[in-house]
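Peer 1: Following this message is one structure expressed as structure tokens.
The values are calculated or read from the model by the stated rules, or taken from the named source; none is laboratory data. These figures come from a predicted structure and were not determined experimentally. Positions of Cβ are backbone-derived with ideal geometry, glycine not excepted, and every protein chain shown enters the neighbour counts.
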Amino acid sequence: MNPQRCLAVLALVLLAGCSGFRSRESADEIYLLQVAPAAVAATVPVAATLAVLLPGAAPGLDGDRIALQTVDGRMGFYGASRWSGELPMVMQTMLLDSLRNAGAWRAVLADGAPFSTDLLLQTEIRHFQAEYPAAGTPTAHVVLEATLGQRGSRAIVRSIRAESRVAARADRMSDVVTAFNAALNEALTQLRSSLTADPAPR
């Protein structure tokens, strides 16, 4: 066999080997946050429309990694586990679903919608981490700070702080995510109740 043919055969063998290559690294697990149905809709709907702005987030909470905090205050992230998207974008969807379920407004829209609205809701994710005690299971800690304002005048109507803590049943990722969902839905219920008590300025 001549040298040129040998090189050609060797190249084909190498290419065949490369085409069958598979990474040994496992893919990250993707976890969803889900809105629980509203227990009670607003009893007195109003004609106002509401825009939900993209939430802000405290440092370290603006990505898709699932945050944790150790007993000595150090922040970290769970390995190979992520939310289904960057947390502010996921939270905006959760807020939209929760507030639409309340039935208090003529419409609840994302800030990018091509329609004018009467009110704006700005939210900041202050806490969204699993906190580990010295012993025992972690607790999902959620704090949302929201400001409702008038679009035209930018006047503040009210400010709201919603906070919840839910302990995970076990230190397993599935149980931690279940606790996150429960804590977030409790915070959303607090927020929704405060807003729907008087959803629009007089």
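Peer 1: Kindly evaluate residue 95 against the criterion of being at pLDDT 95 or above, under 12 Å from residue 191 (Cβ atoms) and assigned to a helix (DSSP H, G or I).
Peer 2: So residue 95 passes the test.
Peer 1: If you scan the stretch 52-76, which residues turn out to be in a strand (DSSP E or B), within 18 Å of residue 31 (Cβ to Cβ) and under 15 Å from the mean Cα position of the chain (by Cα)?
Peer 2: 57, 65, 66, 67, 68
Peer 1: Can you find a residue that is touching a Pro at 6+ places or on another chain (Cβ under 9 Å) and surrounded by fewer than 17 Cβ atoms within 10 Å (Cβ to Cβ) anywhere in the stretch 82-91?
Peer 2: yes
Peer 1: OK, next. Collect the residues in the stretch 120-142 that are in contact with a Phe, Trp or Tyr (Cβ under 8 Å, 6 or more places away or on another chain) and either among the hydrophobic types (A, V, I, L, M, F, W, C) or closer than 22 Å to residue 153 by Cβ (or both), keeping them in residue-number order.
Peer 2: 128, 130, 140, 142
Peer 1: Please verify whether residue 133 is without any contact (Cβ under 8 Å) to a residue 12 or more places away in the chain and not basic (Lys, Arg), treating the condition exactly as stated.
Peer 2: The answer is no for residue 133.
Peer 1: With the requirement that a residue be polar (S, T, N, Q) and within 17 Å of residue 47 (Cα to Cα), what does the stretch 105-122 give you?
Peer 2: 116, 117
Peer 1: Still on this structure: Quick one: is residue 67 out of contact with any strand residue (DSSP E or B) (no Cβ under 6 Å at 6 or more places or on another chain), small (Gly, Ala, Ser), crowded, with 17+ Cβ neighbours inside 10 Å and under 24 Å from residue 190 (Cα atoms)?
Peer 2: No, not satisfied.
Peer 1: Further question on the same structure: Using the structure shown, decide if residue 104 is in a loop (DSSP other than H, G, I, E, B), touching a helix residue (DSSP H, G or I) at 6+ places or on another chain (Cβ under 6 Å), small (Gly, Ala, Ser) and surrounded by 14 or more Cβ atoms within 10 Å (Cβ to Cβ).
Peer 2: Answer is yes for this residue.
Peer 1: Which ones in the stretch 112-148 are of a type in the set (Ser, Thr, Tyr) and at pLDDT 95 or above?
Peer 2: 123, 132, 137, 139, 147, listed by residue number.
Peer 1: Report, ordered by the first and then the second residue, all pairs with beta carbons closer than 8 Å, sequence separation of six or more or different chains, a first member in the stretch 58-72 that is β-branched (Val, Ile, Thr), and a second member that is in a loop (DSSP other than H, G, I, E, B) and buried (at least 17 other Cβ atoms within 10 Å of the Cβ).
Peer 2: What qualifies is 70/132; 71/132.
Peer 1: Okay, next question. Among 110, 197, 134, which is surrounded by fewer than 18 Cβ atoms within 10 Å (Cβ to Cβ), over 26 Å from residue 37 (Cβ atoms) and aliphatic (A, V, I, L, M)?
Peer 2: Criteria check complete, one pass: 134.
Peer 1: Out of the stretch 77-92, which residues are part of a loop (DSSP other than H, G, I, E, B) and touching a strand residue (DSSP E or B) at 6+ places or on another chain (Cβ under 7 Å)?
Peer 2: Result: 84, single match.
Peer 1: Another question, if that's okay. Against the conditions (1) crowded, with 18+ Cβ neighbours inside 10 Å; (2) in contact with a helix residue (DSSP H, G or I) (Cβ under 7 Å, 6 or more places away or on another chain), where does residue 62 fall short? Just the number, please.
Peer 2: (1)
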